[in-house]
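See structure below.
The values are calculated or read from the model by the stated rules, or taken from the named source; none is laboratory data. This structure is a prediction, so every number in the text was calculated from the model and none was measured. Virtual Cβ from ideal backbone geometry, glycine too; neighbours counted across all protein chains shown. Heavy atoms of the whole protein, side chains included, go into the accessibility calculation; ligands, DNA and RNA do not. Shrake-Rupley method; radii C 1.70, N 1.55, O 1.52, S 1.80 Å.
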Amino acid sequence: GDLTLQLKWVTQAQFAGYYVALEQGFYEEEGVNLTILPGGPDIAPTQVLAGGGADVIVEWMPAALAAREKGLPLVNIAQPFKASGMMLTCLAETGITDPASDFAGKTLGVWFAGNEYPFLSWMNTLGLSTEGGEEGVTVLKQGFNVDPLLQKQAACISTMTYNEYWQVIDAGLTEDDLITFKYEDQGVATLEDGLYVLEGTLEDPEKVTDLVGFVRASMRGWQYAAENPEEAAEIVMENDETGAQTIEHQTRMMTEIAKLLEGSDGTLIEADYQRTVDILLAGGSDPVIEAAPEGAWVSTITDRAFD
Amino acid sequence: MRRADLVPILTVLLVIVAVWYLGAIRMNATWERDQAARAGTEVTWSQLIPLTLTQDRPVLPAPHQVAVGLWEGVAGQAITSRRSLVWHAWVTLSATLAGFAIGTAAGILLAVGIVHSRSMDQSVMPWAVASQTVPILAIAPMVIVVMASAGVTGLLPKAIIAAWLSFFPVLVGMVKGLRTPDAMQMDLMRSWSAGRPQVLARLRLPSSLPYLFASLKVAIAAALVGTIVAELPSGATAGLGARLLSGSYYGQTVQIWSALFMAAILAGLLVALIGLIERRVLARMGLAA
Amino acid sequence: MSALPIIGVWLGGWAVNIWLSRFDTRASRTLVAVIFGATIIALWEMIVRIYAIPTVILPAPSQIAASFAANGSILWTDFVQTILKGALTGWLIGAGAAILTAIAIDRSPFLQRGLLPIGNFVAALPIVGIAPILVMWFGFDWQSKAAVVVVMVFFPILVNMVAGLRATDAMQRDLMASWAAPYGASLWKLRLPAAMPFLFNGLTITTTLALIGAIVAEFFGSPTRGMGFRISTAVGRLDLPLVWAEIVVAALAGTLFYGLVAALEKKVTFWHPSQRR
Amino acid sequence: MAVIEASGVCLTFQTADGPVHALKDVDLSVAPGEFVSFIGPSGCGKTTFLRSIAALETPTGGTLRVNGKDPDAARRARAYGYVFQAPGLYPWRTISGNISLPLEIMGFSKLERAERIARVMDLVELSGFGAKFPWQLSGGMQQRASIARALAFDADILLMDEPFGALDEIVRDRLNEALLTLWRKTGKTIGFVTHSIPEAVYLSTKIVVMSPRPGRITRIIDSPLPPDRPLEIRETPEFIALAHEVREGLREGHGDA
Amino acid sequence: MAVIEASGVCLTFQTADGPVHALKDVDLSVAPGEFVSFIGPSGCGKTTFLRSIAALETPTGGTLRVNGKDPDAARRARAYGYVFQAPGLYPWRTISGNISLPLEIMGFSKLERAERIARVMDLVELSGFGAKFPWQLSGGMQQRASIARALAFDADILLMDEPFGALDEIVRDRLNEALLTLWRKTGKTIGFVTHSIPEAVYLSTKIVVMSPRPGRITRIIDSPLPPDRPLEIRETPEFIALAHEVREGLREGHGDA
Ligand SMILES: Nc1ncnc2c1ncn2[C@@H]1O[C@H](COP(=O)(O)OP(=O)(O)OP(=O)(O)O)[C@@H](O)[C@H]1O
Ligand SMILES: Nc1ncnc2c1ncn2[C@@H]1O[C@H](COP(=O)(O)OP(=O)(O)OP(=O)(O)O)[C@@H](O)[C@H]1O
Ligand SMILES: Cc1ncc(C[n+]2csc(CCO)c2C)c(N)n1
Ligand SMILES: [Mg+2]
Ligand SMILES: [Mg+2]
């Protein structure tokens, strides 16, 4: 049957698996007619899903769980990404070496529109206020690019291992000029780029069959992409309507993405889920979610897919 | 534009380009100095100037860099290519024209209603003003999502945002235009006992045309702005707005400026086109200035 | 079936307005506009409830009002950041600069002929496109928003003001010449007053532009306050009632801003035919 | 039967500064084929009275009958041709397009329109200018076109409100002569407002002198001049005496300026 | 010495359709204290000549001297009061504000301004209307205000371009009388453009008849009428004869209308 997938961001190698599966005809083989909707900076996939504009979305778990608490019954049906690619990239010249002691009084760039939750959790665990001042950190709503760091408007900015970090490097800074803090290393990594549907969708057996086929095909796509990064990058390039991407950048991104995929066959690992929930629950007065969610994920789809 | 104006216009343009070059050198120099400092060397002015004008990611690209970017975008690609500015301009143009058509039709219809119904005049006008203070551009992403949920995708959501911005100038201009016939002209119609539709078709509409064209020029520019902003949030789809955004996303300032100039050229062409139609129509009606 | 009450309310509001509009007094005019608005809000509430439209798509007016009441301090902070600091400052600077420039080039036909076509052209451009660039140049806080507003409002006001300074009719200029009036006197006593209707044309048009510019610029980077920031963040958090509360603030502020400038216009250009009746 | 029959006509405008009595107790009877001039100082109600006849204003008192009907019925029966002080031509229509407009509205066939346009253009000496736009013509020619427009649909009653006010004296003389000829040929009833005493005397069979605050008729002077009037008649003693009488009548009602 | 001395004055406008010869070989000499009227069909260059005298246009040939200087020097010496056909009042100033404007520009003291404003307002019968805005007054009152404005600073030469064109006959008569009185009292030199033959004859000591294409002077008629002229003088044979002569002069130069 027909399925629509809403991506979290613009067409790039971050979503190569889906484009590869589409181009290679994996979805067709499963009898799924997939439409991929690219995202953008101000498109909230959760809202698109709620409005019925898509059947499945690629979303970060913190945003998904926060939306679930708001009453939108999101359910994780598969988790292709094992590890988080989030990090904070700082200029070495600011003298920051340890987040716990050096962030206070600094200006940090953060993405909003649902992407701020991991950062807020981290600051919560560090006990730093995000309201500015000497004791806390000043938060900037980071725009679409890495300029705040290049322009020295922020001491650190949010980057993904597979994307923005390399834009900083491409801009002419060297690894020595930078110091990075991966969320994975800081113990505050949350699950990224999972596949979510509305609870209601799972009550429709036909849709469920489609979803099983979709997840199976997607994981074949991911596997193929990880093994053939250059070809995957080519396919992404073909699907990019803006014509702004470069093949070098996409190939490199695919290589980095492959690292995040390692260790996942698409099935959500409960321990990872639990860690994410704990991080989101932690943090004093203003946790991202108030209570541990119930039924926020199912394994039925992946179980059927990878039988 | 008259011949005699050419010299002053060119002079002013020349000054702008000169100031631009100076600005580019100044703004891009910081980065070169920082790079030199990181490498532990010094740069002299004579080294600096060529460096600042050839950066890959300049803070302010030099005019010739933009010109090259524009040229490659327009002439360096097949126009069906995703990298062709012509193709992106076409995507934007089609939504702009659709929105402009919707906005113009809505503006004219509302104006006709307002001129004929006092209760419409009193109730619609204040809210039309208020409607323009809604930050439609800020909620453009939401509009797109909400429309998508209603099954409306593609060109139409962008066109609706464009229409929202362009109906207002048309409405205001047409209300004014439809009311320009003076008391004497209305009285003449009355002395011939002409009906309302006849007065509308033979007096109000023709006399409103100069106002209509003036507003259309504003409206088409507004429609273009609306379309471009509507293209911003969905960064991966086509159009000049998407180009602008992806340029910004990847720090490709040359790409931003090329898209911006393409938009400027598009706006200029559209306004000029309406001006041309205006002159034709008004000349045929004997109203040419 | 469920559409019946909706149509009923619509027709009811319309009928009341048709009846009221016959009086055509100041009070009745206001009342008509208010009833029109109230009808639309009532229809909105009914549509949302009857068709059970999800809040994340379109919240009901009642939910928006509740959110408005609950988030007073947030809305106020955003209002100060975006409207007072960003839009208003930018508008004042842009208008001031445009007026001074217009006076400066007024004496030079060369500059006028060179600058005006370019100004006209720039005034029609999608200036919001430069927002990312100005955020890059002027930083994240309100200064870059004000800069966007300055650029957006500068040319429309300049073009209007220059046209206004030239709008004196030939007879009025000849009179000045016949009195051998020096430049200063004819600027101050003839051209500036005569330019006011044009200037205010530019000023009123740009009030809404200023708001749009300030809000949109926040999408390209901002501190953690401001209406554009709040709208995009709240959408991400599916807090749509807050989004709409911000929109209401923007519309109110915009209407107020427009109204103030229009009132000032009325005071300053009381003599112009369009202001008399 | 009188074409225009006014008795006790009053018209009061309600304005922000209180009521303005534009017409008060106006009695007048105009026979078919008469040429009636209205003269009087500014604001005495000449225009208002002419407009009332044409049903462009509604009197607030008294009775006013046109062709035995009430004025609005006469208007709907298209009894009037009205010429305003300014030509009021539509700039986007050519001269013949302008003359054609009322004919189109009244539903004349294309053929008949062409025929009538040719006839009236000839009458006002504008043949050959049909394809020109109004602004390509001098003021006097425009005014003639507007008269042609009012003549085209052959209304019985021609109402003219200072039609020659803006023209220079020589042109005015010519048009006055042409108007007299037309009137003699067609036998229309003409109501004519003017500020000029010689013009009123030269043209009319009946001169109505009005005075302001409130607007009323102070004198009705019947002209003894013959229908055939060369321009030189203006230097005859009868003419000068008549002009003198009109001037006297005007002075009476002219309290202040 | 003549106040205005024109010899061989030519003025050609370069237009898109080729040159327009607005004035050709105009010779005229005006003595101090004369009242000169210019009359002629539309477009014959009356306005252009008046504007050339006031240095609002520059002749393209011949010589023109005012008070022995060139016109621009005379303008800078504030030799002119100029009244245009339309009142041309500044709508954002009250009537007294308008009259005060040239006085402010010429640097009169506040006290003197008030005194002069009162005097000229009285002269044109506008006392009591000082605080009104122009649009609150009738056209005739506005025109009188504009005359008051030109009188306020007491220039030697008063140039008036159809100042009474828009007024009704009675008001016009009154203003004509007032203007004559003023002229007799002050001995100013007045240049006056009109379309009305009786007005020209009534006011002037010298009537200049012009004709168009190219604009030139066809007759200069010196008036034998005495300086003291009651309105009734217009019914005297001398007056009528003079008017006749002017009309003849006009007809000559009047090819078409
Ligand atoms: N629509 C109106 N509302 C209020 N007052 C009016 C209106 N029309 C005319 N008047 C007033 O009625 C009076 C008569 O006006 P009307 O136009 O009939 O005078 P008139 O004799 O034609 O004068 P003129 O010679 O200046 O044309 C004037 O005092 C005028 O101010
Ligand atoms: N600025 C100008 N440019 C070109 N032609 C002009 C200009 N001013 C006047 N003319 C032409 O010069 C001629 C004389 O014009 P002028 O205004 O002096 O006539 P006039 O005698 O005052 O006529 P009227 O009685 O209509 O006011 C006309 O043919 C007119 O079209
Ligand atoms: C306004 C804005 N919001 C969010 C992101 C971040 N973001 C969302 S998905 C994703 C992965 C691709 O790099 C990233 C970085 C951004 N860049 N700009
Ligand atoms: Mg009148
Ligand atoms: Mg003239």
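Here are a few things to note about the model shown:
- Of the residues C:Ile7, C:Ile35, the single one that is buried (at least 17 other Cβ atoms within 10 Å of the Cβ) and at pLDDT below 90 is C:Ile35.
- Residue in segment D:141-153 that is touching a residue at least 40 places away in the same chain (Cβ under 8 Å), away from ligand 2 (no atom under 16 Å from the Cβ) and open to solvent by 20 Å² or more (accessible area, probe 1.4 Å) present: no
- Any hit, segment D:151-172, residues being more than 16 Å from ligand 5 (Cβ to nearest atom), under 23 Å from D:Pro224 (Cβ atoms) and either modelled with pLDDT under 90 or among the small types (Gly, Ala, Ser) (or both): no
- With a requirement of 1 or more residues that are surrounded by fewer than 17 Cβ atoms within 10 Å (Cβ to Cβ) and within 16 Å of ligand 3 (Cβ to nearest atom), the helices (runs of 4 or more DSSP H) lying completely within segment A:157-243 that satisfy it span A:164-170, A:183-186.
- Unmet criterion (only one of (1) assigned to a helix (DSSP H, G or I); (2) in contact with a Leu (Cβ under 8 Å, 6 or more places away or on another chain)) for C:Thr55: (1)
- Here E:Phe129 fulfils each of the conditions (1) under 18 Å from the mean Cα position of the chain (by Cα); (2) more than 11 Å from every other protein chain (Cβ to nearest Cβ) apart from (1).
- Count of segment D:169-194 residues which are crowded, with 22+ Cβ neighbours inside 10 Å and not in a helix (DSSP H, G or I): 6
- Residue match in segment D:162-185 (condition: touching a Gly at 6+ places or on another chain (Cβ under 6 Å), more than 16 Å from ligand 2 (Cβ to nearest atom) and in contact (Cβ under 8 Å) with a residue 12 or more places away in the chain): no
- Comparison of D:Ile207, D:Ile221, D:Ile190 shows that the only residue that is closer than 12 Å to D:Phe38 by Cα, at pLDDT 85 or above, within 14 Å of another protein chain (Cβ to nearest Cβ) and away from ligand 4 (no atom under 16 Å from the Cβ) is D:Ile207.
- Among the numbered conditions (1) surrounded by 19 or more Cβ atoms within 10 Å (Cβ to Cβ); (2) over 17 Å from the mean Cα position of the chain (by Cα); (3) under 30 Å from C:Leu240 (Cα atoms), the only one that A:Thr130 does not meet is (1).
- Looking only at segment A:98-124, residues that are open to solvent by 20 Å² or more (accessible area, probe 1.4 Å), touching a helix residue (DSSP H, G or I) at 6+ places or on another chain (Cβ under 9 Å) and charged (D, E, K, R) come to 2 in all.
- Identity of the residue in segment E:77-91, under 14 Å from the mean Cα position of the chain (by Cα), within 16 Å of ligand 5 (Cβ to nearest atom) and at the interface with another protein chain (Cβ under 7 Å from one of its Cβ atoms), that ends up most open to solvent (accessible area, probe 1.4 Å): E:Ala86
- The residues of segment C:220-274 that are buried (at least 19 other Cβ atoms within 10 Å of the Cβ), of a type in the set (S, T, N, Q) and part of a helix (DSSP H, G or I), listed by number, are C:Ser232, C:Thr233, C:Thr255.
- B:Ala223 vs. criteria within 14 Å of chain A (Cβ to nearest Cβ) and either open to solvent by less than 10 Å² (accessible area, probe 1.4 Å) or more than 34 Å from the chain's Cα centre (by Cα) (or both): no
- Whichever residue in segment E:43-59 is more than 11 Å from the chain's Cα centre (by Cα), of a type in the set (S, T, N, Q) and more than 13 Å from C:Ala177 (Cα to Cα) and, among such residues, is farthest from ligand 5 (Cβ to nearest atom): E:Thr58
- Any helices (runs of 4 or more DSSP H) falling wholly within segment A:30-140 and containing at least 2 residues that are touching a residue at least 40 places away in the same chain (Cβ under 8 Å) and more than 30 Å from A:Val236 (Cα to Cα): A:61-69, A:117-126
- Check on E:Gly97, open to solvent by less than 30 Å² (accessible area, probe 1.4 Å), out of contact with any helix residue (DSSP H, G or I) (no Cβ under 7 Å at 6 or more places or on another chain) and without any contact (Cβ under 8 Å) to a residue 24 or more places away in the chain: yes
- Within segment E:145-165, the set of residues being of a type in the set (Asp, Glu) and either assigned to a strand (DSSP E or B) or in contact with a Pro (Cβ under 9 Å, 6 or more places away or on another chain) (or both) comprises E:Asp156, E:Asp161.
- Conditions (1) modelled with pLDDT under 85; (2) assigned to a helix (DSSP H, G or I); (3) among the hydroxyl-bearing types (Ser, Thr, Tyr): number failed by B:Thr41: (2)
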